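What follows is a set of notes on a single structure, which appears directly below.
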Amino acid sequence: MKKTPTGLLSALGCMLLATTSPALAADVTPERLVNADKEPQNWLMNHRTYDGQRFSPLARINRDNVKGLKLAYAVPLGGGAGNEFNEATPLAEDGFLYVTDSWGVLYKIDARSGDVGRIVWRMDPKQERQQANRGAALWGNLVITPANHPARMIATDRETGKVAWEKWLGDPLLAQ
């Protein structure tokens, strides 16, 4: 499996966000997810839309200018253990990115300026070991992420970065 360097996907997401303007903040609802094409500036779920095409309708980058693209900036993630990687698709909403690293750490990155990214908060699930993490889901005012070792689902308030709830997914006998 090919691993993407930590921060690269975040930087690519930042380039996309640099071409858009933020919309008004709202809870992520079934209606917003079903109608994702009405919010081309946002990437609210892994494949952007339910048809899974992963296509952005934004037109600022096109066949004529794509060869001139370059990295606008990068936001370093992780850095505590070495040999870290990122396999998660960053989610984008209203100029903010939500992405997880290989330790399950969730980051909220402010990408609204288009020329610098700033980590607003990070939620560390304190995993016992590193493992691939496929990313987050937005729902209501929460960012839902998996954590491995021990296996849990964690809901984080997307404004404050505080854990709203956590659900153990492993064998209850192992939790003792």
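Between 140, 82, 104, 170, the distinction of being touching a residue at least 40 places away in the same chain (Cβ under 8 Å), more than 25 Å from residue 31 (Cα to Cα) and open to solvent by less than 60 Å² (accessible area, probe 1.4 Å) belongs to 104 only.
Among the residues in the stretch 45-56, are any open to solvent by 50 Å² or more (accessible area, probe 1.4 Å), modelled with pLDDT under 90 and not basic (Lys, Arg)? Yes: one or more hits.
Screening residue 89 against (1) hydroxyl-bearing (Ser, Thr, Tyr); (2) in contact (Cβ under 8 Å) with a residue 60 or more places away in the chain; (3) crowded, with 22+ Cβ neighbours inside 10 Å leaves a single unmet condition, (3).
Among the residues of the stretch 85-99, just one is at positive phi and out of contact with any Lys or Arg (no Cβ under 6 Å at 6 or more places or on another chain), namely 94.
The condition (being of a type in the set (Gly, Ala, Ser) and modelled with pLDDT under 95) is satisfied by just one residue among 140, 117: 117.
For (1) closer than 26 Å to residue 95 by Cβ; (2) surrounded by 16 or more Cβ atoms within 10 Å (Cβ to Cβ); (3) without any contact (Cβ under 8 Å) to a residue 60 or more places away in the chain, each residue gets a yes or a no:
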{"site": "115", "(1), (2), (3)": "yes, no, no"}
{"site": "119", "(1), (2), (3)": "yes, no, yes"}
{"site": "127", "(1), (2), (3)": "no, yes, yes"}
{"site": "144", "(1), (2), (3)": "yes, yes, yes"}
{"site": "148", "(1), (2), (3)": "no, yes, yes"}
{"site": "159", "(1), (2), (3)": "yes, no, yes"}
{"site": "162", "(1), (2), (3)": "yes, no, yes"}
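Kindly evaluate residue 163 against the criterion of being among the aliphatic types (A, V, I, L, M), under 24 Å from residue 40 (Cβ atoms) and modelled with pLDDT of 95 or more. When the stated conditions are applied, residue 163 does not pass them.
Just give me the residues in the stretch 120-134 being modelled with pLDDT of 90 or more and outside any strand (DSSP E or B), in sequence order. Correct list: 124, 125, 126.
The values are calculated or read from the model by the stated rules, or taken from the named source; none is laboratory data. Just so it is clear, the model here is predicted, and its values are computed rather than measured. Cβ atoms come from the backbone with ideal geometry, glycine included; neighbour counts cover every protein chain shown. Only protein heavy atoms, including side chains, enter the accessible area calculation; ligands, DNA and RNA are left aside. Shrake-Rupley method; radii C 1.70, N 1.55, O 1.52, S 1.80 Å.
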